[in-house]
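Report on the following structure.
The values are calculated or read from the model by the stated rules, or taken from the named source; none is laboratory data. On a predicted model such as this, the values are computed, not experimentally measured, just so you know. Positions of Cβ are generated from backbone atoms using ideal geometry, with glycine treated the same way; all protein chains shown enter the neighbour counts.
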Amino acid sequence: MVRPLRARDKHYAAYPLNTTFGSPSHIAILRALKDSALGSTGREIARRSGVTRPAVMNGLAILESTGVVRRQFAGRTHVFHLNREHWLIRKGLLPLFEAEKDFRERARLHLVRAVHRHALAGVIFGSTAREEETSASDFDVCILVEKKKDKEIVRRRLDDASESLKKELGLTLAPLLFTRAEFQRQHRKGESFFVNIVLEGKRFHGPELKEIVRDSAD
């Protein structure tokens, strides 16, 4: 369980991030507000952020006290806006969210650079594909090649990609390699592991696995 930072309200002028990011819910609230040009109600923020409404309202009150969030009264409704003139928002938060948005794309580019000349297809599967991953989850990928000799080439290149992914993004790569024929054969047998990869896999290179197993059935 992630707990709020105990010292978040101390020494605000020296350490404003302690207050701004003092609770995980604050980050979710700010993320929900960043693309809302017209502002959002507490209920809308709770829905988009996945944070309970009481936690959202408590977080908004704290963030409003720091000036990173502004409240606008519209009758009985309170609408909240991200204060884009705030120093922390302009210099830190918005660039940080832009980097976060590109995080998965950076991972995809590492993989594509590693396999694009030697692999037939590649998908991300498992918890990352289902968007259930944690920081401790493996970054599961399944890669198909045409011939067995290509496996060793791709494996060596993935070893290099694994190191760079860990260093740059903190991701632990867990690759599986099959030839097209090997994968098609296991899928035709109805092996649940292979069926699930086809169903849930997110393509990062080559054709969809559905097309490859369909060619096998034709």
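Restricting to the range 28-47, and then to whatever is of a type in the set (Val, Ile, Thr) and buried (at least 18 other Cβ atoms within 10 Å of the Cβ), can you tell me which residue is farthest from ARG90 (Cα to Cα)?
Checking each candidate, the answer is ILE45.
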| said: What's the number of the only condition in (1) closer than 25 Å to GLY50 by Cα; (2) modelled with pLDDT of 95 or more that VAL112 fails to meet? | reply: (1)
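Could you tell me which of the residues VAL56, VAL51, VAL79, VAL68 is out of contact with any Asp or Glu (no Cβ under 8 Å at 6 or more places or on another chain), in contact (Cβ under 8 Å) with a residue 24 or more places away in the chain and within 15 Å of ILE89 (Cβ to Cβ)? Step through it out loud before you land on a result.
Working: VAL56 fails: within 15 Å of ILE89 (Cβ to Cβ); VAL51 fails: within 15 Å of ILE89 (Cβ to Cβ); VAL79 fails: within 15 Å of ILE89 (Cβ to Cβ).
Residue meeting the stated conditions: VAL68.
Examine the range 66-77 for a residue that is under 23 Å from the mean Cα position of the chain (by Cα) and either of a type in the set (Ser, Thr, Tyr) or at pLDDT below 95 (or both), and state whether such a residue exists.
no
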| field | Verdict on LYS167 being surrounded by fewer than 12 Cβ atoms within 10 Å (Cβ to Cβ) and either farther than 24 Å from GLU132 by Cα or hydrophobic (A, V, I, L, M, F, W, C) (or both) | value | no
| Close pairs (8 angstrom Cβ cut-off, 6 or more residues apart or separate chains): not assigned by TED's automatic domain parsing to the domain that holds THR172 in the range 90-111, among the polar types (S, T, N, Q) anywhere | LEU93/THR20
| message | Can you report the number of residues in the range 48-93 which are surrounded by fewer than 15 Cβ atoms within 10 Å (Cβ to Cβ) and of a type in the set (A, V, I, L, M, F, W, C)? | response | 4
| field | Meets criteria (of a type in the set (A, V, I, L, M) and either in contact with a helix residue (DSSP H, G or I) (Cβ under 6 Å, 6 or more places away or on another chain) or surrounded by 14 or more Cβ atoms within 10 Å (Cβ to Cβ) (or both)) for ALA114 | value | yes
| request: Sort through VAL141, VAL145 and tell me the only one that's touching a Pro at 6+ places or on another chain (Cβ under 8 Å), β-branched (Val, Ile, Thr) and in contact (Cβ under 8 Å) with a residue 24 or more places away in the chain. | output: VAL141
